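The values are calculated or read from the model by the stated rules, or taken from the named source; none is laboratory data. Keep in mind that what you see is a predicted model, and the values were worked out from it rather than measured. Here the Cβ positions follow ideal geometry from the backbone for every residue, glycine too, while neighbour counts run over all protein chains shown. Just so you know, the surface numbers come from the protein's heavy atoms only, side chains and all, with ligands and any DNA or RNA stripped out. Shrake-Rupley method; radii C 1.70, N 1.55, O 1.52, S 1.80 Å.
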Amino acid sequence: MWKQFLSKLPRKSSASGDSGQCSNGTGIQRTSSCGSVPSARPASAIRRMSSAVFPSSVVAGIEPLVSFKDVPNSEKQTLFVSKLSLCCVVFDFSDPNKSSVEKDIKRQALLDLIEFVESSSARFSEAAIAACAKMCAINLFRAFPPNYRSGSSGGGEGDEDEPMFDPAWCHLQLVYELLLKFIGSSSLDAKIGKKHFDHSFIVKLLNLLDSEDPRERDCLKTILHRIYGKFMVHRPFIRKAVSNIFYQFVFETDRHNGIAELLEVFGSVISGFALPLKEEHKIFLWRVLIPLHKPKSVGLYLQQLTYCVTQFLEKDPKLASSVIIGLLRYWPIINCQKEVMFLSAIEEILESTSQAEFQKCMVPLFRRIAHCITSSHFQVAERALFVWNNDHIISLIAQNRQVIMPLVVPALEQNIQNHWNQAVLNLTMNVKKMFSEMDEDLFSSCLAKHKEDEEKRVSLEVKRKLTWEKLESAAAFQPVTGHTAVLVGHQPSANMIATLI
């Protein structure tokens, strides 16, 4: 039936103005990948075929393919609802040649709707708001097939798989653009809109952020930010729903494609928090943002995560010590690339750390940095030594040199004696010279203490070796009978060693 009527429509190519990519001023780049879009048809031709092609229940009393220019202002909201009803039809894009004309008609209807929302000055009726929410839900909310996720583990640092692109994007993109403009329109009454763009709608929208298609995630990021700004009543729920996504990612699945986008949205949300910070917001920092450093895929979103953390520190600098101690709790042990990232994050956090907060965490922090300095992985050692290139950190170290220098100097001496990488050796010598110029007497005493400790360590090693030799000698002369128990692979007890000594 559709084919008989649609075959009578002209099939001219559209103007080139909608081909390729074009910026529409909303942050969504519009693309055309559905083939040609039909050129504008005479209103009479549309009127002749639309009532036959589209059921009366869909048309809702007015021809949906009529242009908004061809109806009086009093009927434009009705036409808006009719076009939204028409766009509730979802097509199969697995076969690009299937229903191509119908797809083009829907695409043109979506473009008309976007143009109307942009130019409309009258308040949207509740029927129009409900119809828009329904159409967006029908087109956007879908379950991703299993193989959609299996090719991506949420991203390791070395994950170079090509992203998957949704074949229906040419329609999805226009629906996203319509939703973005509709939510941001001054013609939308937030008090009415919150009833239709409700908690259920928001949760399903958040679930779409696990899409493999980066274009879709980018659109969702912008829309989520717009919803958060438009509907103040939904803000606590959005924060809770996003926290649940983070909890599930960190403690259960270790897999999600949209963590970076969610953090990007929350970066701007955090910057808008009122002072003093609510306890709820501090809990979000401690229970959500800090544990997000744990997953192995942290490299994919570390930049956005660090920005969120630094936004908290700008709001309340007294949180710095708890943040640093939290990072030390999740410090990687065997992942050297992740360790380099942590050192970079620590440096950025220290740049906004006050003297009082620095003193609360400097001992465990510089024990860890000293351990990194002696790392056999040259990138870790190099990045740890680069900390001394930061003027603010050098100032903090200088004011607390009595505590920090004894922790770091032994690591510097160990590097000079044992490290294999020349670049690390050069940086070590630079830091050693800096300490010497900072406080020569303290530096000399630290060197002397390190030398003394090394002599004690060597003496203990020699003593331990001699003790084992005595044990082995005594065991060699001890007769072994059939019922004599023989201790194998264990160190001697304190009583045995005391007896032999």
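What residue, of 367, 329, is under 28 Å from residue 405 (Cβ atoms), among the basic types (Lys, Arg), in contact (Cβ under 8 Å) with a residue 40 or more places away in the chain and surrounded by fewer than 18 Cβ atoms within 10 Å (Cβ to Cβ)?
Every option except 367 fails the conditions.
How many of the residues in the stretch 185-238 are polar (S, T, N, Q), within 24 Å of residue 168 (Cα to Cα) and open to solvent by 40 Å² or more (accessible area, probe 1.4 Å)?
Residues flagged as polar (S, T, N, Q), within 24 Å of residue 168 (Cα to Cα) and open to solvent by 40 Å² or more (accessible area, probe 1.4 Å) within the stretch 185-238 amount to 2.
Looking at residue 140 and the list (1) modelled with pLDDT of 90 or more; (2) over 25 Å from the mean Cα position of the chain (by Cα); (3) open to solvent by less than 20 Å² (accessible area, probe 1.4 Å); (4) not basic (Lys, Arg), which single condition is not satisfied?
Condition (2) is where residue 140 drops out.
Search the stretch 370-392 for residues being of a type in the set (S, T, N, Q) and more than 13 Å from residue 339 (Cβ to Cβ), and hand back the single one that is surrounded by the fewest Cβ atoms within 10 Å (Cβ to Cβ).
Residue satisfying both the conditions and the ranking: 389.
From 273, 266, 249, 312, grab the single residue that is open to solvent by less than 10 Å² (accessible area, probe 1.4 Å) and in contact with a His (Cβ under 6 Å, 6 or more places away or on another chain).
Result: 249 is the single residue among 273, 266, 249, 312 that is open to solvent by less than 10 Å² (accessible area, probe 1.4 Å) and in contact with a His (Cβ under 6 Å, 6 or more places away or on another chain).
If we keep just the residues of the stretch 74-89 that are without any contact (Cβ under 8 Å) to a residue 60 or more places away in the chain and not in a helix (DSSP H, G or I), which is surrounded by the fewest Cβ atoms within 10 Å (Cβ to Cβ)?
For the stretch 74-89, the residue satisfying everything is 88.
Among what's in the stretch 276-288 and is over 23 Å from residue 226 (Cβ atoms) and assigned to a helix (DSSP H, G or I), pick the residue that is least open to solvent (accessible area, probe 1.4 Å).
Checked the stretch 276-288; the qualifying residue least open to solvent (accessible area, probe 1.4 Å) is 285.
Tell me the residue from 460, 471 that is modelled with pLDDT under 95, open to solvent by 70 Å² or more (accessible area, probe 1.4 Å) and assigned to a helix (DSSP H, G or I), please.
Only one candidate qualifies: 460.
Which one of 257, 335 is within 17 Å of the chain's Cα centre (by Cα) and either farther than 25 Å from residue 209 by Cβ or open to solvent by 20 Å² or more (accessible area, probe 1.4 Å) (or both)?
Just a single option satisfies the conditions, and that option is 257.
Among the residues of the stretch 290-309, count how many are small (Gly, Ala, Ser) and open to solvent by 10 Å² or more (accessible area, probe 1.4 Å).
Narrowing the stretch 290-309 to residues small (Gly, Ala, Ser): 297, 299.
Cutting the leftovers down to open to solvent by 10 Å² or more (accessible area, probe 1.4 Å) gives us 299.
Qualifying residue count for the region: 1.
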